[in-house]
1. Out of curiosity, is THR10 surrounded by 13 or more Cβ atoms within 10 Å (Cβ to Cβ) and in contact (Cβ under 8 Å) with a residue 60 or more places away in the chain?
2. Would you check if VAL76 is aliphatic (A, V, I, L, M), modelled with pLDDT under 95, in contact with a Leu (Cβ under 8 Å, 6 or more places away or on another chain) and outside any strand (DSSP E or B)?
3. Could you check ALA64 against (1) among the aliphatic types (A, V, I, L, M); (2) modelled with pLDDT of 95 or more; (3) in contact with a helix residue (DSSP H, G or I) (Cβ under 9 Å, 6 or more places away or on another chain) and say which number it fails?
4. With the requirement that a residue be of a type in the set (A, V, I, L, M, F, W, C) and part of a strand (DSSP E or B), what does the range 8-66 give you?
Amino acid sequence: MAEQATRLKTNDFDGVKIVEFSDRKILDELCILEIQEELSRVVEQAPGLKLVLTFKNVEHLSSAALGMLITLRKKVEEGGGRLRLSDINPQIFEVFKITRLNKVFDIYPSIDKARESF
């Protein structure tokens, strides 16, 4: 059986990088660390990055994962890029609202809407 090399699927679409999570549950520390490392590489390789992170496959997200997203946002912006989130399910969106992160992140209902926002 092949080892899973990546926790993310990335696509470039008209100068916008779309990143999709492979995991349905982003809960444990190792998983979050691996995602953070992969996302950091994506950001470092492309200053001025337009990045859409889609949560369409994600059912569960831990608070540590939220911390990782905040770090990612800072890194993207420091590199002159912009970050959008899309397709967050209602249950996870509640967590964003409770933590007021819905005010911190630009969140869109779909990848297309997020892409159009740049």
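1. On the way: surrounded by 13 or more Cβ atoms within 10 Å (Cβ to Cβ): yes; in contact (Cβ under 8 Å) with a residue 60 or more places away in the chain: no.
Spelling it out, it is not the case that THR10 is surrounded by 13 or more Cβ atoms within 10 Å (Cβ to Cβ) and in contact (Cβ under 8 Å) with a residue 60 or more places away in the chain.
2. Values: aliphatic (A, V, I, L, M): yes; modelled with pLDDT under 95: no; in contact with a Leu (Cβ under 8 Å, 6 or more places away or on another chain): yes; outside any strand (DSSP E or B): yes.
No; evaluated as a whole, the condition is false for this residue.
3. All conditions pass for ALA64, except number (2).
4. Of all residues in the range 8-66, those of a type in the set (A, V, I, L, M, F, W, C) come to 8, 13, 16, 18-19, 21, 26-27, 30-33, 35, 39, 42-43, 46, 49, 51-53, 55, 58, 61, 64-66.
Within the range 8-66, LEU8, PHE13, VAL16, ILE18, VAL19, PHE21, ILE26, LEU51, VAL52, LEU53, LEU61 meet the criteria.
The values are calculated or read from the model by the stated rules, or taken from the named source; none is laboratory data. Keep in mind the model is a prediction, meaning the values are calculated, not measured. So basically every Cβ, Gly included, is an ideal-geometry build from the backbone, and we count neighbours across all protein chains shown.
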